[in-house]
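Worksheet: the structure to be examined is printed underneath.
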């Protein structure tokens, strides 16, 4: 490769990094303004002012405010899908020897995704609770619904396979899957509300661990007295 080629590649890499930084700056500003003003009141002008760029610059990266927030919320969904996919593959490969370990890994996977971006999780829940999801344009709303359906379907598939392998007791997988999700999401929302959105709520982790233990005792074939490691920090 010639020096000219090296130079072109270096320039392209610099531009790629600059673009990634600009996109992240825009997303960070959108999160900040969401909590200050709310989704409906904040504008692309507000975001541009916060980032200190022109509004046309924002539109170079995002076609609309809805698309911007879709980009903000989707990474957590994709990480959840990836984590549950790994659990499902391990389960189908016969790598789980107990329901306790399986249920622990499910809770652990959800907790890790939450930890990667708690603000995005809070925003998504606020959208769903307040009905703001219906204020999004049809394409964005449909894409969010599709992603939610994928992760819920993964949860049902995992529970069904676990029942077939005798790892957990047989129950109707639809309400059971909803119970698992509701336990996790409900506890996170409750503790987040109690702490008024402040980071580092000391009750979140132990409360999730208790919910996990209760689920294991109720559902795992080896549940009573079975091993139940704590959530990782």
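List of remarks:
- With respect to the conditions (1) touching a helix residue (DSSP H, G or I) at 6+ places or on another chain (Cβ under 8 Å); (2) in a helix (DSSP H, G or I); (3) crowded, with 18+ Cβ neighbours inside 10 Å, residue 101 falls short on a single one, namely (1).
- Evaluated against (1) crowded, with 16+ Cβ neighbours inside 10 Å; (2) over 25 Å from residue 191 (Cα atoms), residue 133 falls short on exactly one condition, (2).
- Residue in segment 219-231 that is surrounded by fewer than 14 Cβ atoms within 10 Å (Cβ to Cβ), at pLDDT 85 or above and in the same structural domain as residue 112 (by TED's automatic domain parsing) present: no
- Test: residue 50 is part of a helix (DSSP H, G or I) and under 26 Å from residue 148 (Cα atoms): no
- All conditions but one from (1) assigned to a loop (DSSP other than H, G, I, E, B); (2) over 30 Å from residue 134 (Cβ atoms) apply to residue 13; the one that does not is (1).
- The condition of being modelled with pLDDT of 90 or more and surrounded by 15 or more Cβ atoms within 10 Å (Cβ to Cβ) holds for only one of 173, 123, that being 173.
- Test: residue in segment 84-94 that is in contact with a strand residue (DSSP E or B) (Cβ under 9 Å, 6 or more places away or on another chain) and in the same structural domain as residue 208 (by TED's automatic domain parsing): no
- Residue satisfying condition, being surrounded by 18 or more Cβ atoms within 10 Å (Cβ to Cβ), free of Cβ contacts under 8 Å to residues at least 60 places away in the same chain and assigned to a helix (DSSP H, G or I), within set 87, 58, 106: 58
- Of all residues in segment 151-182, those satisfying the criterion of being under 13 Å from residue 88 (Cα atoms) and in contact (Cβ under 8 Å) with a residue 40 or more places away in the chain are 151, 154, 155, 157, 158, 161, 162, 165.
- Residue match in segment 63-72 (condition: modelled with pLDDT under 95, surrounded by fewer than 16 Cβ atoms within 10 Å (Cβ to Cβ) and in contact with a helix residue (DSSP H, G or I) (Cβ under 6 Å, 6 or more places away or on another chain)): no
- Test: residue 27 is surrounded by fewer than 13 Cβ atoms within 10 Å (Cβ to Cβ), out of contact with any strand residue (DSSP E or B) (no Cβ under 9 Å at 6 or more places or on another chain) and closer than 25 Å to residue 134 by Cα: no
The values are calculated or read from the model by the stated rules, or taken from the named source; none is laboratory data. For clarity, every value in this text was computed on a predicted model and none was experimentally measured. Backbone-built Cβ (ideal geometry, glycine too); neighbour counts: all protein chains shown.
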